[in-house]
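Quick note: the coordinates plus some simple rules give every number you see, no bench work behind them. Just so we're clear, the structure is a prediction, and the values are computed from it rather than from any experiment. Ideal geometry is used to build each Cβ from the backbone, glycine not excepted, and the neighbour counts take in all protein chains shown.
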Amino acid sequence: MPGWRGILAEDGCYGPQTAKALTFFKKVLGTGVDGRCLDSATEKLLDEVHSGEFWSRSPDGSPRHLRQAGQEDAYQRALASGHPLREERDGLSPEQVRRVAASHPDRLVRYRGFEARALTFKRFLALEKAVAQGFPGHRLAITCTTGGKHAGTAHGEGRALDLVLERIRDGYRPDTHEFDSPRLEELARQSGFETLNEYLHGSPWWTGPHLHAEAWPEP
Ligand SMILES: [Zn+2]
């Protein structure tokens with residue numbers, strides 16, 4: 001369950017801990033705050049979370065489940081800023097990202113199969129370089145951009161990336177990366193991101209150990 005850090009042993013009973021967890025889940029999903037009732041809509045969402053479908057995209061390509069206030073509006077506004085070279089399958093090359101960012105930093109573009117603002121990916125490229133030096137044998141994987149579920153509009157606007165550090169050799173991402181995460185967070189800040197270290201700190205939108213990084217224009 002996203003964001004729920006408590007461990008519940010399965011005992012077949014609907015106890016106070018189950019009710020607490022269900023209240024939390026329904027609050028996150030915006031399906032109501034009364035945790036006493038497992039209604040069919042919530043049950044369907046729980047199934048989607050379990051199968052992984054919850055985090056996928058809708059058939060028209062737009063992110064699903066942008067339920068935090070303002071996220072969907074923010075995404076629509078970002079879309080209106082254009083998708084240069086969107087026809088390319090996985091998006092722009094690093095060189096193209098830098099070029100678009102120089103002239104249109106607020107444009108929503110595709111890179112590595114994800115979409116975000118050009119400025120966001122430009123800072124990601126800087127961070128990637130720093131990670132190559134700081135964590136030999138590892139690379140940064142993007143796990144989410146415009147589909148993310150944090151409060152506020154950063155994901156919807158294409159300003160936020162969810163990142164994990166993985167081993168290049170086998171793509172292994174053990175949860176123990178919490179030990180490396182303060183250094184990763186520091187590099188992200190040096191690359192111009194505001195961060196939420198969800199390797200170490202949970203949040204109501206917690207989806208697993210990762211670094212949430214937001215790129216905002218300089219004041
Ligand atoms: Zn995030």
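The simple spin-label model puts a point 7 Å past each Cα toward its Cβ; for Ala132 and Ile168 those points are separated by 0.8 nm. Working ranking of peptides 162-169, 209-216 by packing, defined as the average number of other Cβ atoms within 10 Å per residue, highest first, is 209-216, 162-169. Extension gain for Tyr14 to Ala141 (0.36 nm times residue separation, less C-alpha to C-alpha distance): 41.9 nm. Once the Cβ-Cβ distance between Arg189 and Gln76 is put in as r, and R0 is 35 Å, what FRET efficiency do you end up with, to the nearest 0.05? So, using R0 = 35 Å, E works out to roughly 0.70. Summary of packing: across the peptides 118-130, 94-106, the per-residue average of other C-beta atoms within 10 Å ranks them, highest first, as 118-130, 94-106.
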